[in-house]
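Please treat every number below as a calculation from the coordinates, not as lab data. Just so you know, these numbers come straight off a predicted model, no measurement behind them. Note: ideal-geometry Cβ built from the backbone for every residue, glycine included; neighbour counts use all protein chains shown.
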Amino acid sequence: MPKPTAGDLVYRVAFDVKGMASDGAGGTTTAFSEQFQCRAGFVHLRGGESVQAARLQGQHPQIIRVRSSSLTRNVTTDWRIRDVRSGDVFNIRDITPGLDRQFIDFLCQKGVAA
């Protein structure tokens, strides 16, 4: 895989965290709220049997790459990523900081429950 550059970050994504919200009837429900937005690059996985099997089940695993910052370093797998343009929602499965500490890779899946 070639070394990532800032020019690869052509999409805008929002990071949402799960919290509590009023349900309008005096109770509470869980809801996601946006914490911040940043630029991102998408790396679509082609590979092995598990990727092919996930696609057959309507799931789409991919890597979402963002610049490392104080905000992105605080993200955990309880959060989700949302493509601002299309509205697609991705559940975070794994987080891998880059060796050069400039980027963070989020292994995400679209089409699965949180």
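Below, the figures for the structure above:
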quantity: Net charge contributed by nearby residues that have their C-beta within less than 9 Å of Gly98 (K/R +1, D/E -1); calculated: 0
quantity: Volume of the Cα convex hull of region 7-110, divided per residue and given in Å³; calculated: 123
quantity: In Hz, Karplus ³J(HN,Hα) per residue of region 6-20 (6.51, -1.76, 1.60; θ = phi - 60°; x = Gly, Pro); calculated: 5, x, 7, 8, 9, 9, 10, 10, 10, 9, 10, 10, 7, x, 9
quantity: Long-range HN-HN contacts of Leu45 with modeled amide H, under 5 Å; calculated: Ile63
quantity: Gained length - Phe42 relative to Thr76, 0.36 nm times residue gap less alpha-carbon distance; calculated: 10.4 nm
quantity: Amide proton proximity set for Val84, modelled H, under 5 Å, gap of 5+; calculated: Arg12, Val13, Ala14
quantity: Amide H partners (placed H, <5 Å) of Phe32, local residues excluded; calculated: Gly19
quantity: Cβ-Cβ FRET estimate between Leu99 and Glu34, R0 fixed at 35 Å, reported to 0.05; calculated: 0.75
quantity: Karplus-derived 3J(HN,Hα), 6.51/-1.76/1.60, for each residue of region 87-103, Hz, glycine and proline x; calculated: x, 5, 10, 10, 8, 7, 9, 7, 10, 10, x, x, 5, 8, 6, 9, 10
